[in-house]
1. Roughly how many Å² of residue 94 are accessible to a 1.4 Å probe, to the nearest 10?
2. What is the spin-label model distance, in nm, from residue 131 to residue 269 if the labels are put 7 Å beyond Cα along the C-beta direction?
3. Hey, any idea what % of region 75-228's accessible area is carbon plus sulfur with a 1.4 Å probe?
4. Arrange the peptides 159-167, 310-318, 185-193 so that the one whose residues have, on average, the most other Cβ atoms within 10 Å appears first.
5. Please list, by residue number, everything in region 159-185 whose backbone N is under 16 Å from a paramagnetic label point 7 Å out along Cα→Cβ of residue 117.
6. So which chymotrypsin sites (Phe, Trp or Tyr not before Pro) in region 88-148 pass both tests, a DSSP loop state and at most 16 other Cβ atoms within 10 Å of the Cβ?
7. Quick one: order 146, 300 from most to least accessible surface, probe 1.4 Å.
8. How much length would be gained if the chain were fully extended between residue 303 and residue 346, taking 0.36 nm per residue of separation minus their Cα-Cα distance, in nm to one decimal?
Amino acid sequence: MVCRSLSVAGRRVCVMSTSQQPAEPATDGSATPVVPRPAVAARSEAVVEPAPAAPADGTAVEPGTAAAPAAGDEGTEQAARSAPPTSLSPSRASDFMQCPLLYRFRVIDRLPEKPSEAATRGTLVHAVLERLFDDPAAERTAPRAKAMVPGQWSRLLEARPELGELFAEDPGGERLSRWLGEAEQLVERWFTLEDPTRLEPREREMFVETELESGLRLRGVIDRVDIAPTGEVRIVDYKTGKAPRPEYSEGALFQMKFYALVIWRLKQVVPRRLQLVYLGSGDVLTYDPVTADLERMERKLLALWEAIRLATETGDWRPRPTKLCGWCDHRAVCPEFGGTPPVYPLSVSPRASAEDGQGRMGPV
C-alpha cells in the first residue's frame, strides 16, 4: 500500500493504492470524468432500493442513533425491540468492533439516544450537498448552497421534531445561529475540495443491499456514486469531521470498503476509487481498491457476523471500555460504570454447532 500527500487545488490529498503508482486525482477533485445525470434519472438496476424508515439492523436516520420502535400495541413494540439482528451495516459493524455491549444496546435493546449537535449538523450538511445537485450545474455555487442551510434545517425539523430539543434552552437563538453558521462554513469548504459544476453524480444517498453466499445480508446508504463514461465507479462519502492521521486511515476506510464489497457483489464491478471528503479539515482521502481488498473485507465481515450471532444466542455482550465511553448515552446501564443492563429480551440458547454455516443466523 502506498500513501503520500500532495497539494491539489489548495488542499491536502492522501492517495492510497495497492498498486506501485497510485492514480492522480484530477485538479477538480474528480477521480475520473462522470456522465451527465439523465433528465429522468433511472435508478441503477439491481442495486438501488427505497431506503427503509428503520432498517432491520437498527440503523436510524441519524448516524449512530438507534431507531425507536414503530408505534403500536405493547406486544408489537416489544417484538420490534426483541428481534435478533438480520443484517449488517457499516455503522453497526463499527459499533460491535468498538464495544459489543454498545451494539446490543442499539440493535437488540434499541435504547433511545439523545440527538447531538455534531451528528445533526452532519445530517444537515449531507442534505444540502445532496439537494444541491438538483439544480443546474451553473447554479451550484457556494452562496446558493449556504442559502439552502436554513431551509434544509426546517425540513429536517419537520421530519424529526425531536431535534428541536437541541436548542430548547436557547431562547435568544444565539446557539442555533452559531450552529447554523458552522454548517454553512462546512458547506462552503466543500467548494474548495470539489467543483460541483463539473460533477453529475449517478446516484445520491443510494440505498444498497446484498446477500452474500453465506447468507449474511449487507446494507447501507452511500452518499454519492459517480460513474465515468468507461464504466468506472467512484464511491464518495462526506465527513464533517477532521481527517484521521495516516496511521488511522485504515479504520476510516472500513465503511468505504464495505460499500465497495456490496457494489462488487451486486454488479461484479470493483469500484475504481473510494473517496472520503473531510469538510472539517479540508482533506480528501482516496483509495483505489483491488479484488483482494474486497475478499479480505468479506472474510472480516463473516467473522464479525459469526461473533454477533454467538453473542445473540448466548446473551454474552461484553463491554469494551475506551476513551469513547465519555460520549456514550448508555453509561447509566453499563456495568463498567456501575449500571445494570436491561433484562436480555431474547431467548438464550446453547452455542450453535459447527454445522451451522458461517455467517448464518442460528436458531434463537
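The values are calculated or read from the model by the stated rules, or taken from the named source; none is laboratory data. Quantities reported herein were computed from a predicted structural model and do not represent experimental measurements. Cβ coordinates were reconstructed from backbone atoms using ideal geometry, including for glycine residues, and neighbour counts include every protein chain displayed. The accessibility values were calculated without ligands, DNA or RNA, using every heavy atom of the protein model including side chains. Shrake-Rupley method; radii C 1.70, N 1.55, O 1.52, S 1.80 Å.
1. Here the residue's solvent-accessible area equals roughly 50 Å².
2. 2.9 nm
3. Numbers: 3190 of 6400 Å².
Taking all protein chains in place, region 75-228 shows 50 percent carbon and sulfur surface.
4. Values: 159-167: 13.3, 310-318: 16.8, 185-193: 18.6.
Ranked from most to least packed, the peptides come out as 185-193, 310-318, 159-167.
5. 163-185
6. Working: sites: 96, 103, 105, 133; in loops: 133.
Within region 88-148, the qualifying chymotrypsin sites (Phe, Trp or Tyr not before Pro) (loop, at most 16 other Cβ atoms within 10 Å) are 133.
7. Numbers: 146 60, 300 100 Å².
Solvent-accessible surface, decreasing: 300, 146.
8. Numbers: separation 43, 0.36 × 43 = 15.48 nm, distance 2.20 nm.
Roughly 13.3 nm would be gained on extension.
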